[in-house]
Amino acid sequence: MTKGGKGAMTKTPITLQELRQRIYRKAKSEPTHRFWGIFTHITKITTLHEAYQQARKNNGAPGIDGKSFADIELEGVIPFLTGIQEELPAGIYQPQANRKVEIPKTNGKMRTLQIPCIRDRVVQGALKLILEAIFEADFCPNSYGFRPKRSPHQALAEVRRSILRRMTIIIDVDLSRYFDTIRHNILLEKIAKRVQDPQVMHLVKQVIKATGKIGVPQGGPFSPLAANIYLNEVDWTFDTIRRKTADGNYEAVNYHRFADDIVIAVSGHSSKSGWAELALRRLWEQLKPLGVELNLEKTQMVNVLKGESFGFLGFDLRRIPNRNKNGFFVFMIPKKKARTTVKAKIRELIQNAGAKPAQDLIKQINAVLTGWVNYFRVGTHACVK
């Protein structure tokens, strides 16, 4: 009971976590429900603050405005977030241009990352926090990338499980510039199946159109969620194939996706001859209407029974006999690129150390090595030579 008079009660504000759980449960129980009135949740200080904390944790470089986290915290985080909170419902928020950063690829080409300013990262993060709660209810179990309580290690474990369950023909899929080819109209249609809040849809348009007429920029918090929404129906198509081709507990086709990294495992039994080619064709048929293309030069089909290996999430995987020759296990080793990259990082730290105290340099090197080891510890043999 409260001061408000007889029978009056104060409604305790729910936390962001509770809100997300409620949205998720609603979405899960009503698969065709379209959400409205959710823009107000995006603009709440609690949502914006959590988005800021997540951006702060990732500690990215400043965007095109040059403003760093240190600059914002010097002026005050709450005034910074309050400014965003006022702009959004007033309809005067406009994303700034992204800062483009060229990252060298192993093939000698460059990959362009587009870094939003911190203000835009916070807005994208808040949008993601609310929409993620809806679409998590729709996502397929065979998708692992950038999702709550999911990790690359889980994806690797499932791929290894498929191989040990005699799915020995592996299709190592490479999508050609996936993030750059996402069509805005198709993505918006997919989001609109679950969202009928015009302010939210307008904000999504602002975010994805800030960098052009096609594609979503890699480097912002919203892009991974958008990428998962875009391929969700493809994921479910292959889950249906998995169920329909299974013989009791024995599966014949398994599909695993982490963002734009896809592996399809197919039974190597003689009765399933040609199934791998059919699976690859079905994938191509599913991707074509989305405007997503296979990189035919890099997409490969390997037979692990013949000792052939393939790459997935930084590892090379190979099926080899165990010591007693009475069984098999999946040998996982960090790819050469992963070993080269960590050595280059350490070399760069040493070269740029200058007059830095040795103790500080050692801490930096240990941080790099710890991160590398924590990721690659699931491998059969993870060392840097």
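Coordinate-derived values only; no laboratory data. Please read all numbers here as calculations on a predicted model, not as lab measurements. Note that we place each Cβ from the backbone using ideal geometry, even for glycine, and neighbour counts take in every protein chain shown.
Structural remarks
- Long-range HN-HN contacts of THR299 with modeled amide H, under 5 Å: ASP174
- Amide hydrogen neighbours beyond the local backbone of ILE182, cut-off 5 Å, H modeled: GLY215, VAL216
- Look at the alpha carbon pairs under 8 Å that are at least 6 residues apart: their mean separation over the length of the chain gives a relative contact order of 17 percent.
- Where labels lie 7 Å past Cα in the beta-carbon direction, separation of TYR250 and ASN326 in nm: 2.2 nm
- Of all the options ASN228, ASN322, ASN352, the one that moves most in a Gaussian network model of the chain with Cα springs shorter than 10 angstrom is ASN352.
- Separation of alpha-carbon centers, segment 245-321 and segment 162-196, rounded to whole Å: 14 Å
- Between ALA70 and GLU86, the contour length at 0.36 nm per residue exceeds the Cα-Cα span by 3.5 nm.
- Rounded if a/c under 1.5, otherwise prolate or oblate - segment 259-385, Cα gyration tensor axes: oblate
- Cross-link pairs beyond the 25 Å C-alpha cut-off, checked among LYS128/LYS337; LYS193/LYS288; LYS44/LYS67; LYS128/LYS193; LYS244/LYS272: LYS128/LYS337
- Placed amide H near PHE329: partners under 5 Å, 5+ positions off or other chain: ILE320, ASN322
- Against the chain, whose longest principal axis is taken from its Cα atoms, helix 152-164 shows a tilt of about 30°.
- Distance between segment 37-107 and segment 130-155 - C-alpha centres, whole angstrom: 23 Å
- One chain, two ends: ARG281 and ILE350. Fully extended at 0.36 nm per residue, the span grows by 20.0 nm beyond their Cα-Cα distance.
- Full-stretch length increase - LYS149, LYS209 - with 0.36 nm per residue and alpha-carbon distance subtracted: 18.6 nm
- Calculated volume of the Cα convex hull per residue in Å³ (choose from (i) 149; (ii) 214; (iii) 131), label: (ii)
- 3J(HN,Hα) couplings calculated from phi for segment 296-302 with the Karplus curve 6.51 cos²θ - 1.76 cosθ + 1.60 (θ = phi - 60°) are, in sequence order, 5, 6, 9, 5, 9, 10, 10 Hz; Gly and Pro show x.
- Whole-Hz ³J(HN,Hα) from phi, Karplus 6.51 cos²θ - 1.76 cosθ + 1.60, for segment 182-199, glycine and proline x: 5, 8, 4, 5, 5, 4, 5, 4, 5, 5, 5, 5, 10, 10, 10, 8, x, 5
- HN-Hα J in Hz across segment 317-331 - Karplus 6.51, -1.76, 1.60, θ = phi - 60°, x for Gly and Pro: 10, 8, 9, 9, x, 7, 4, 7, 6, 10, x, 9, 9, 9, 8
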